[in-house]
Amino acid sequence: MFNQDIVNNFQNKETPFYYYDLELLKRTLKACADAADKYRFHVHFALKANFNSRVLQTVKDAGLGADCVSGGEVKKAIESGFNAQQVVFAGVGKSDREINYALDQDIFAFNVESIQELEVINELARAKNKIARVAIRINPNVDAHTHHYITTGLDENKFGINSWDLQSVADALKQSTNLSFLGIHFHVGSQILDMNVFKSLCVKVNEMQAWFEERGMPVKVLNVGGGLGVDYHQPDTNPIADFEAYFKIFADFLTVKPHQEVHFELGRALVAQCSSLISRVLYMKHGIKKNFAVLDAGMTELMRPALYQAYHKIENISKLGQPETMAYDVVGPICESSDCFGKDVNLPTTQRGDLIALRTAGAYGEVMASAYNLRPDIKHVYSED
Ligand code: LLP
């Protein structure tokens, strides 16, 4: 929630920048931990959602593990002080170099996405005389009913191993001298608000763990991925994600035996709320049909609206408390028509120099920025400074 003091502090800052409220992040992490601890669930943070150093420091201090999808993320997690025994490495295309690096760091587990990858990790681990712990990512064919670009758990998606290939996986695992089978991993998609999706996932996880255990392969870790969505329309709700309801679904529907651990990989729900992209209005253009507010931030700083038609609440924080008088198309400076943050957005009368906040931008915001149009590096302002 922006107040006049915060906005005054922004006045002499160069825009655009990401504003991080680290206190709010701490409260969100605590809400998540309180809900997860009830069931002794383990939560890893999906670095792909945000790898800003201050954010990672705060997440690490809260005791979470790290879910990484590249050698770069594994390195960043280790350098940020995450315990290697709480680092997992997922992704359909791990290079030999990345696998070797992760083996050298003795990370907790590789989430393996194909039979060939299993063979490669086994070979590379053998060359180092190490045992790699692996979890098998299974494609559960559960529809996340979310934007098709962020649906990952259907048969037609590239992620995970399909259930009809499991026998080959079991055979490959038995033949591998340098792999230790840890468990099974799933992830069905992102920005999921319908808890029934997670219920369907639980049913699949139960089926799959039974399949392995029947074949004499104990499943120690059930990793159910991430995907919990947030309410982008209510950026000030606390907490912005329903952690209680989310973990309760798994507590109610997942079969968990005493020797098993349940792992989660949350990204968005943990960091979306704590950041807003702050931008200044460069120009106002009044056309016959439309009024445009042209910002100094564009799709290069926040790509989600252009890429997924995603909604981020837009606020004119130079006019706090003033009534909305007009509808504006709020656009960026980039030479693409898709560089638009919102159409017909009701705002108070807006003018050149006003500060505009694009809310709930902490997840998949800064990390997806690009230098297209030779844009400058992203700047930051932190609540604690
Ligand atoms: N685990 C795996 C294997 C994943 O692929 C993802 C996200 C997560 C965990 C974390 O999911 P979350 O809790 O954040 O939903 N750029 C898109 C989102 C892409 C999500 C990719 N995978 C967006 O801006 O909406």
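The values are calculated or read from the model by the stated rules, or taken from the named source; none is laboratory data. Bear in mind that the values here come from a model prediction, so they are computed numbers and not experimental data. Here Cβ is always computed from backbone atoms with ideal geometry, including for glycine, and neighbour counts include all displayed protein chains.
Worth pointing out:
- Considering residues of region 330-375 that are in a helix (DSSP H, G or I) and touching a Ser or Thr at 6+ places or on another chain (Cβ under 9 Å) only, the residue nearest to the ligand (Cβ to nearest atom): Glu366
- Of all residues in region 35-75, those satisfying the criterion of being more than 16 Å from the ligand (Cβ to nearest atom) and among the hydroxyl-bearing types (Ser, Thr, Tyr) are Tyr39, Ser53, Thr58.
- Here the strands (runs of 3 or more DSSP E) wholly within region 215-329 that include at least 1 residues being within 21 Å of Val197 (Cβ to Cβ) are 221-223, 261-266.
- Unique residue being on the phi > 0 side of the Ramachandran plot and more than 19 Å from the chain's Cα centre (by Cα) when the list is Gly160, Gly216, Gly225: Gly216
- Within region 95-139, tally of residues that are out of contact with any Ser or Thr (no Cβ under 6 Å at 6 or more places or on another chain) and away from the ligand (no atom under 16 Å from the Cβ): 24
- Of all residues in region 294-320, those satisfying the criterion of being within 15 Å of the ligand (Cβ to nearest atom), in contact (Cβ under 8 Å) with a residue 40 or more places away in the chain and among the aliphatic types (A, V, I, L, M) are Met299, Leu302, Met303, Leu307, Ala310.
- Entirely in region 36-133, the strands (runs of 3 or more DSSP E) that have 1 or more residues that are among the acidic types (Asp, Glu), under 30 Å from Pro239 (Cα atoms) and at pLDDT below 95: none
- One residue alone among Tyr232, Tyr246 is aromatic (Phe, Trp, Tyr), closer than 15 Å to Arg359 by Cα and in contact (Cβ under 8 Å) with a residue 12 or more places away in the chain, and that residue is Tyr232.
- Any chance Leu193 is surrounded by fewer than 18 Cβ atoms within 10 Å (Cβ to Cβ) and either over 15 Å from Arg137 (Cα atoms) or of a type outside the set (Ser, Thr, Tyr) (or both): yes
- Residues being touching a helix residue (DSSP H, G or I) at 6+ places or on another chain (Cβ under 6 Å) and surrounded by fewer than 17 Cβ atoms within 10 Å (Cβ to Cβ) - total across region 250-273: 2
- Among the candidates Asn12, Asn8, residue that is loosely packed, with under 15 Cβ neighbours inside 10 Å, free of Cβ contacts under 8 Å to residues at least 24 places away in the same chain and not in a helix (DSSP H, G or I): Asn12
- Filtered residue count, region 253-293, keeping only those that are more than 23 Å from Asn316 (Cβ to Cβ) and touching a residue at least 40 places away in the same chain (Cβ under 8 Å): 16
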